[in-house]
Amino acid sequence: MYDPLVDSDIGVAMPYPASYWATTEVVNRHATPYNKLSTDIDTDVVVIGGGYTGLSCAYQLASHFSREVTLLEANQIGWGCSGRNAGFVLRGTGRLGLAQLSEKFGLDIAKGFHQEYSAALALVGQMIDSGNIDCQRQQTGYLKVAHKAALVESLRQQATYLQQQFGYQAEFLPAQALTERYMQNSQAYGALRFDDCYGVNPLALALGYARMATETGAKLYSATPVLSWQRSRSGGFVLQTPEATVRCKQLVLATNGYTPNRFYPALNKACLPVLSSIIVTSPLTEQQLAHSGLWHNQLVMDTRALKYYYRKLPDNRILFGGRSAVYGKDAEQPVYPRRLLQALTNCFPMLEGVCTDYHWSGWVAVSIDDLPRVCQAEPDLFYAAGYCGSGLSFSTQAGKRLAQLCMGQALPALPLYQGPLKPFPLPALRRVGQQAYYQWGRFSDRFL
Ligand SMILES: Cc1cc2nc3c(=O)[nH]c(=O)nc-3n(C[C@H](O)[C@H](O)[C@H](O)COP(=O)(O)OP(=O)(O)OC[C@H]3O[C@@H](n4cnc5c(N)ncnc54)[C@H](O)[C@@H]3O)c2cc1C
């Protein structure tokens, strides 16, 4: 598997991974083949990367600012994280909750984050509605589940904190209410419920964004990797693709966790690509649904350091995800889907015997301070990256913010928009650090 920390060649025209999403009828009905770029062009803005960040940016530039914009994607639209994620449309990004943000930056700034997260959720909803995107949007609800009794009190306090400081009605569910309403999970002791998050088919969403961008005049090309780019002596940039040279005034990097090694060293050194894996089971029987309590469409994530996340899909399969291999070359090893299935049946012993019908992985981009950045890195060069595995809603907002930056507009005074990502102190040792974190996480999830 392509490994961005090792490979400087992302490939060309690679098919979608063998994910559940790529097989869904709603994806196949709407998939429009995009062409590769085979003639030289001049354009105002080039966006590199056909995920939510790039597609949203291209859409905003074309529809709101009438810019001439060209998006170049190495493989297929939504081939990166955007077409292979779990489809949790969540409130927030990065790995810091509002209490942690408040501690770090103060309550007023944390309130600014809260507003921005609301705007991101609203933007995804607007895109789905105005673009009439058929992405299997599910009923709302996201449960953050305490995997240990000792963590229940902290969830109760978080609910009170969110209600009092942010006016946000998070609901605390003690163990009994959680069991009665949502799940017979032997490792669930209580939960915090967010009422405005929901599940979608992520690849259908990406294809919907692509259609909207195209309809407003953006030019989208797949099978067109940018092999190299440099500044032109006459201003702007010159990009080389396998069959064409592209000139542009402004350049947006929307390559996030898939940024090839040495593509833009300042960005490469500031992201750690981390694999996350998903399994999708065979459809549950009526009896399994009833016994597990998983008859609903709530999104679920637990409080582990090495988190598990799961949801029921429209055809009664369970999507279950979590940590995977450290190196891309190990991603396909059977031990990883096996571990996920074991973790699922440890939580829900009544599901013993369900099969894994699909398994795939993707690279999330982790930043050193657990927050993404949307920035102008240099004159006329912009990027957004580092969502730490929680980027579905925020990358859509990031694309909009990138478009505003390209137009010279000021962004809200939030750390998300103040400067580039910080480099990791010893970039060459990132994976050693990741392995150490996994060891600690395993220990802490079991014993602390
Ligand atoms: C298994 C998994 C589960 C996840 N689940 C969730 C979830 O449920 N909710 C959530 O909020 N977030 C989730 N995420 C994270 C979320 O998917 C990402 O934050 C989001 O999709 C990032 O979008 P993006 O457009 O920035 O990047 P991507 O979608 O990764 O797009 C980057 C694109 O750039 C292209 N590219 C790279 N280099 C070049 C080049 N040189 N030339 C041309 N193209 C190039 C790649 O091919 C790729 O398509 C998950 C991620 C994974 C891997």
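Bear in mind these aren't lab numbers, they're just calculated from the coordinates by the rules spelled out. Given the structure is predicted, the values throughout are model-derived calculations rather than measurements. Cβ coordinates were reconstructed from backbone atoms using ideal geometry, including for glycine residues, and neighbour counts include every protein chain displayed.
Side notes on the structure shown:
- Between GLN376, GLN158, GLN434, the GNM of the chain built on Cα springs shorter than 10 angstrom shows GLN434 fluctuating the most.
- Backbone phi angles across region 11-26, fed through the Karplus curve with coefficients 6.51, -1.76 and 1.60 (θ = phi - 60°), yield HN-Hα couplings of x, 9, 6, 5, x, 4, x, 7, 8, 4, 4, 5, 8, 6, 4, 5 Hz in residue order; Gly and Pro are listed as x.
- Remark: region 86-196 carries a charge dipole of roughly 300 debye about the Cα centre, counting +1 on each Lys and Arg Cβ and -1 on each Asp and Glu Cβ.
- Stokes-Einstein D (µm²/s) once Rh is taken as the Kirkwood radius of region 68-211 over alpha-carbon pairs, at 25 °C in 0.890 mPa s: 143 µm²/s
- Both radii come from the Cα set of region 318-448: Rg as radius of gyration, Rh as Kirkwood radius; their ratio Rg/Rh reads 1.07.
- Here's how it looks for THR245: its modeled amide H is under 5 Å from those of ASP40, ILE41, which are all 5 or more places away or on a different chain.
- Annotation: amide H of LEU220 within the under-5 Å range of LEU71, sequence separation 5 or more or interchain, hydrogens built in the peptide plane.
- On a per residue basis, the convex hull of the C-alpha atoms belonging to the chain measures out at 131 Å³.
- The alpha carbons of region 301-363 occupy a box of 33, 26, 21 Å along the principal axes, longest dimension given first.
- Each of MET1, PRO420, PHE447 was scored by the projection of its Cα onto the charge dipole of the chain, and the greatest displacement toward the positive side belongs to PHE447; charges sit on the C-beta of Lys, Arg, Asp and Glu.
- Phi-derived couplings, Karplus 6.51 cos²θ - 1.76 cosθ + 1.60 at θ = phi - 60°, listed residue by residue for region 364-376: 8, 9, 9, 9, 5, 10, 6, 10, x, 9, 10, 8, 8 Hz, with x used for Gly and Pro.
- Charged-residue dipole, Cβ positions (Lys, Arg, Asp, Glu), the chain about Cα centre, Debye nearest 20: 760 debye
- For region 374-448, the alpha-carbon radius of gyration amounts to 1.46 times the rule-of-thumb value 2.2 N^0.38 Å expected for a compact globular protein.
- Fully extended contour minus Cα-Cα distance, from ARG262 to GLU68, at 0.36 nm per residue: 67.0 nm
- Couplings 3J(HN,Hα) of region 238-250, computed from phi: 10, 10, 10, 10, x, 10, 8, 10, 10, 10, 8, 7, 10 Hz, in residue order, whole Hz [Karplus 6.51 cos²θ - 1.76 cosθ + 1.60, θ = phi - 60°; x for Gly and Pro].
- Per-residue packing, averaged as other Cβ atoms within 10 Å, sorts the ranges 33-45, 359-371, 221-233 into the order 359-371, 221-233, 33-45, beginning with the highest.
- Taking Cα atoms only, the orientation of helix 335-347 departs from the longest principal axis of the chain by about 40 degrees.
- For the chain: relative contact order, % (alpha-carbon pairs under 8 angstrom, 6 or more apart): 24 percent
- Three-way shape label, region 1-52, alpha-carbon gyration tensor, a/c 1.5: oblate
- Prolate/oblate/rounded label for region 18-112 (Cα gyration tensor, a/c 1.5): oblate
- Subset of LYS36/LYS422; LYS219/LYS400; LYS104/LYS307; LYS269/LYS307; LYS144/LYS219 violating a 29 Å alpha-carbon distance limit: LYS36/LYS422; LYS144/LYS219
- Global form of region 143-206, assessed from the alpha-carbon gyration tensor, a/c cut-off 1.5: oblate
- Beta bridge orientation in the chain: antiparallel %, DSSP, nearest 5: 70 percent
- Per residue, the average separation of C-alpha pairs within less than 8 Å and at least 6 apart gives region 261-371 a relative contact order of 41 percent.
- Computed over the Cα atoms of region 171-216, the ratio of the radius of gyration to the Kirkwood radius (Rg/Rh) comes to 1.32.
- Averaging the sequence gap over all C-alpha pairs within less than 8 Å and six or more residues apart, then dividing by the number of residues, gives region 151-202 a relative contact order of 36 percent.
- Computed over the alpha carbons of region 107-160, Rg followed by Dmax gives 15.9, 45 Å.
- Amide H contacts for ALA377 (H built 1.01 Å from N in the peptide plane; partners 5 or more residues away or on another chain; cut-off under 5 Å): PHE382, TYR383.
- Candidates ASN85, ASN297, ASN201, ranked by Gaussian network fluctuation over the chain, Cα under 10 Å, top entry: ASN297
- Global dimensions of region 278-388 from alpha-carbon coordinates: Rg and Dmax equal 17.4, 60 Å.
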